[in-house]
Amino acid sequence: MSAKILIVDDEPAQQQLLRYNIEKAGYDILLADNGKDALIIIEEVKPDLIVLDWMIPEASGIDVCHELRSRPETRLLPILMVSARGEEGDRALGLDSGADDYITKPFSPRELVSRIKALLRRSRPTLLQDALEFQGLELNPETMRVTRDGDDIHLGAREFKLLSLLIERPERVFSRDQLLDLVWGHGVYVEERTVDVHMSRLRRALNKRSDRGPDRPDMIRTVRGAGYALTKKD
């Protein structure tokens, strides 16, 4: 499961240098050469991380950061800002605008990729790990296999995506709006009730024993008026 990384840079040589090194590290690449196009791509494609140059036309990197942090659906989107401005005040301004990390030109390809991996590790663990485990529940994003206490759990595509989000951040409550944006996509009209239907299917699949014994303890917690979370069970 390769992460989608959006590179936003208006200098062709720099853009291609970034593309070559990030693609070589195994990531899927999207490109934009100005802030306005970047915001459109982010809304339509939903990348996993943005490598954002400060000095770009239409809307600067700082403006793009402010805009993304003001939107609920992109508030947590990882942003690595790239700039030739290396003064302490510039770095502080970049980070204060909403960037998660700041790298100054010139930089080595190895450092760039390391920074990207660090951001992805914090924001989307399943993109970098072979499998995630929580309370006997294991999810492998590469093979799309899910097991609980060693038994295979068969899930549909939506249920698998829902579980992927929940197991990345156990105990965190995801609202229905957040789940709709992250699983179905921002701007796609789907009723909130649809989340409840798929979550009910996921719950049944996780709790049912393959040997027809008693159901397992329910790991999905419903928070009235708030959403859903994956939680520990004794």
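For the range 99-116, the condition holds for at least one residue, the condition being that it is assigned to a loop (DSSP other than H, G, I, E, B), within 18 Å of the chain's Cα centre (by Cα), within 22 Å of L18 (Cα to Cα) and not assigned by TED's automatic domain parsing to the domain that holds Q178.
Taken over the range 107-125, residues that are among the hydroxyl-bearing types (S, T, Y), buried (at least 16 other Cβ atoms within 10 Å of the Cβ) and modelled with pLDDT of 80 or more amount to 0. D48 fulfils the conditions (1) out of contact with any strand residue (DSSP E or B) (no Cβ under 6 Å at 6 or more places or on another chain); (2) within 24 Å of L165 (Cα to Cα) except for a single criterion, (1). For L166, the conditions (1) in contact with a His (Cβ under 7 Å, 6 or more places away or on another chain); (2) of a type outside the set (D, E); (3) in contact (Cβ under 8 Å) with a residue 60 or more places away in the chain all hold with the exception of (1).
Restricting the range 201-234 to residues that are among the polar types (S, T, N, Q) and under 17 Å from R148 (Cα atoms), which is modelled with the lowest pLDDT? The selected residue is S210. Would the range 57-64 turn up any residue that is assigned to a strand (DSSP E or B) and not polar (S, T, N, Q)? No, the conditions are met nowhere in the range 57-64. Residues that are among the polar types (S, T, N, Q) and either more than 17 Å from H66 (Cα to Cα) or touching an Asp or Glu at 6+ places or on another chain (Cβ under 8 Å) (or both) within the range 81-102 comprise just one, S83.
Within the range 74-106, the residues that satisfy the criterion of being surrounded by fewer than 13 Cβ atoms within 10 Å (Cβ to Cβ) and in contact with a strand residue (DSSP E or B) (Cβ under 8 Å, 6 or more places away or on another chain) are A84, G86, K105.
If you filter the range 25-45 down to residues that are at pLDDT below 90 and of a type in the set (D, E, K, R), you find that the one that is surrounded by the fewest Cβ atoms within 10 Å (Cβ to Cβ) is E44. So R122 fits all but one of (1) farther than 23 Å from D33 by Cα; (2) touching a residue at least 60 places away in the same chain (Cβ under 8 Å); what number is the exception? Among (1) farther than 23 Å from D33 by Cα; (2) touching a residue at least 60 places away in the same chain (Cβ under 8 Å), the lone unmet condition for R122 is (2). Taken over the range 63-73, the residue count meeting the criterion of being out of contact with any Gly (no Cβ under 7 Å at 6 or more places or on another chain) and either surrounded by 15 or more Cβ atoms within 10 Å (Cβ to Cβ) or touching a residue at least 24 places away in the same chain (Cβ under 8 Å) (or both) is 3. Scanning the range 154-166 finds no residues that are assigned to a strand (DSSP E or B), over 19 Å from the mean Cα position of the chain (by Cα) and surrounded by 16 or more Cβ atoms within 10 Å (Cβ to Cβ). The condition of being over 16 Å from the mean Cα position of the chain (by Cα) and buried (at least 17 other Cβ atoms within 10 Å of the Cβ) holds for S60. Checking each residue of the range 82-92 against the condition of being modelled with pLDDT of 90 or more and under 26 Å from Q178 (Cβ atoms) gives no match. Put simply, of L128, L139, L182, L132 the only residue that is at pLDDT 85 or above and not charged (D, E, K, R) is L139.
The values are calculated or read from the model by the stated rules, or taken from the named source; none is laboratory data. Just so it is clear, the structure is predicted and the values come from calculations on it, not from any experiment. Positions of Cβ are generated from backbone atoms using ideal geometry, with glycine treated the same way; all protein chains shown enter the neighbour counts.
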